[in-house]
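Nothing in this text is a laboratory measurement; each read-out follows from the coordinates by a stated rule. Computed from a prediction, not measured in an experiment: that's the story for all the values here. Because the Cβ atoms are built from the backbone with ideal geometry, glycine has one as well, and the counts that use them run over all protein chains shown.
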Amino acid sequence: MPDPKRATQEMLLAMSLSPSPLDRLLTPGLLLLAALAAALRLLAGDWPNALYTIFCAALLFGLAAFPASSERLLGATFGRRHAFVIVLLWLYGTAGIAIVRAMSSAPTTGKDSFTFYGLLLTGIAVVIMLVRAVLLLTPRGARFFVTRIPLWEQALVAANEAVAAVLLALFFGPLLAHAAEPGVFTLRVDALYTLAVGTVLTLYYAGTQVMWTQRGNDWLSQTAVWVRLARLLTPPGILIIVVVLARPFIERGDPRSARLLGGGADVAVLALAPVILLLVLVVTLLVYTGRDGLRQRFLPDLLLERLPLRLRRFLSSISDMDMLLILGVMVTVIPLALLLDGSGGLLDDLRRQILQSSGALIESSEQALALLFALPFFAVVIALLTLYAFAVSRKSLSGRDRDALVSKLPFGFLLIFLIALYLFAVPFTQVVTEGRLPRLPQDSVRIILFNILIPLILLYAAYFTFVRIPYRRGQNRWRTIQNGALDGELTRLDERIAGLNRELAGIEERWHSAPAEGAARTSLLFHYVQLNGIRDDLNMRRLQALGERQQLFELSETPVSLAVARLPVRVVSIGVPLLIALQVYQWAVLNNGLRQIVEDPNATVLDFLQALFQQINP
């Protein structure tokens, strides 16, 4: 009778992808999860999903357990990539079943028919995903579609495609319903708004389709290509965001319109638009001020050389397009959750928790939403600063190499971006959601607190945590090591010089006792000169070591390449004129103060200057 334990081991060995522990457990782990999912579906009476899960599990087991047959079918040895494709097949099929069920119960006519059309568009996208996943298991499809990049990059492309497809369906579904039943949907469609948002979503979805092809992925992964594309697309992107932001902001400028509109989707758009506008402006600034790309800007080779091997390998595999894909997921996940979840659910709970825990810092639900949207970007900035701090604090770096690394890393840019995220997420969001500009002197305390003091506190907290303290720690540790090495070298030099001095003293004694002429006296003179030269060399080395030790004592513990100390002066020198200009603009344009001066026949230049002075110094 065969041993069951040995049979199990042989089966696990046959299904293992490679000798590594992860590959040996990958297929059995996926099969176990599939069995649990199928059992839960059967218990819930969901036969279609249960049967499809069993089919995917059987496909995975067959391809993994019979390598000879699977190699003839796949054109390659079954590996992680094929297991990942089967997981995608299961996810796409499960989503397709859910969409078919939702379409069967959704109304096809009437004012609620936009749900049916949105589901129809999503279903078409899922069919495209399913067909591509099946083709990825064929040799020709594996050559055509993207298969040479790491699996996490493929998962990133799949996530962006899913988000783009859902956003596209949610946006164009109501438009299709309006076109199919113009008599039912009588609301006017804003052509400029529709064209702007529709163009962005279409380009986003088309870009993910291009990324799925190997040739398109290789083309877009070139730094020069994506920089040109970014330079071409970011200015229209800024214009589109301004158009999207301007319409609800103008509508909420009237208090009566704001009360009628309430806190619907327009307020959510206004809450998120400042941070999205900031991100587009930052990307525009980066692509127009350099040609090296995002990875070389934030993860330069000089930094990667100072990191551990495993971390260096992983970070080296990140391309510029990977960074943009990560940015795309981070930008779209919150708007997608808002569109799918509405006003309730997890996002609403998180917003309430932020409001309760933030005290007076966050005053409205829209600010909490904007802060929640900005949190992933805060996390990325903090992660980059932590990585920089780790590299700068390493004791193996010399003082010169540490200064070169600090000058190469974008510490200042990330610190300013951290402050800008706060400004755009908290005070600016309140401005755009209220539909009014801040007024002086009524809002002067709020402006000083939220726009000046808190950013300065945030700046110096991040500067000392991620720059000053790691730099000083690395300098002190390296200086301690170097000081110990120099002390040891000085001790050895002193011992050798003392020995030479003793030898020279002995030669002098023999010189005086030796005969006046002869080879012995000449040999003593030659040896004396030779030892004296060696002593001079050792003294020069000793002076050099003393100079290096003095330089160690004089070594600065502050990275002088960051002019952070001048930032408060810049804030005051730039912020105060902006506030004055804002106050004059409100008086002259919004409150018609300039028109009153012009229309007054008795007004003089002195009256005009006096009115201006009253606005500047109320």
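Here r is the Cβ-Cβ distance between LEU151 and GLN544 and R0 is 60 Å; the resulting FRET efficiency, rounded to 0.05, is 0.65.
For ILE318, the amide hydrogen comes within under 5 Å of no other amide hydrogen, counting only partners 5 or more places away or on other chains and with H modelled in the peptide plane.
The coefficient of translational diffusion for the stretch 107-233, derived via Stokes-Einstein from the alpha carbon Kirkwood radius under 4 °C and 1.567 mPa s, stands at 79 µm²/s. Spacing of the modelled spin labels on SER317 and LEU33, each 7 Å from Cα toward Cβ, amounts to 1.8 nm.
Full extension of the chain segment joining VAL529 with SER357 gains 53.8 nm, where the gain is 0.36 nm per residue of separation less the Cα-Cα distance.
Residues whose amide H lies under 5 Å from that of THR213, counting only those 5 or more places away or on a different chain, are VAL146; hydrogens are built 1.01 Å from N in the peptide plane. Label reach from LEU350 (point 7 Å along Cα→C-beta): in the stretch 368-399, amide nitrogens under 19 Å belong to 368-383. Are there any trypsin sites (Lys or Arg not before Pro) in the stretch 46-107 that are in a DSSP loop and have at most 12 other Cβ atoms within 10 Å? List them by number. Passing both the DSSP loop test and the Cβ count: no residue. Spin-label model, ALA520/GLU181: points 7 Å from Cα along the beta carbon direction are separated by 12.6 nm.
Stretching the chain fully between THR223 and LYS111 yields a gain of 35.6 nm (0.36 nm per residue, less the alpha carbon separation). What the phi angles of the stretch 365-380 give under the Karplus curve with 6.51, -1.76 and 1.60, with θ = phi - 60°, is a coupling list of 5, 5, 5, 5, 5, 5, 5, 5, 5, 7, 4, x, 6, 4, 5, 5 Hz, glycine and proline written as x.
Using a simple spin-label model with pseudo-atoms 7 Å out from Cα toward Cβ, ARG143 and LEU453 lie 6.9 nm apart. Kirkwood-type hydrodynamic radius, the stretch 36-81: 11.7 Å, calculated from all non-identical alpha-carbon pairs.
Backbone phi angles across the stretch 534-539, fed through the Karplus curve with coefficients 6.51, -1.76 and 1.60 (θ = phi - 60°), yield HN-Hα couplings of 5, 5, 4, 4, 5, 5 Hz in residue order; Gly and Pro are listed as x.
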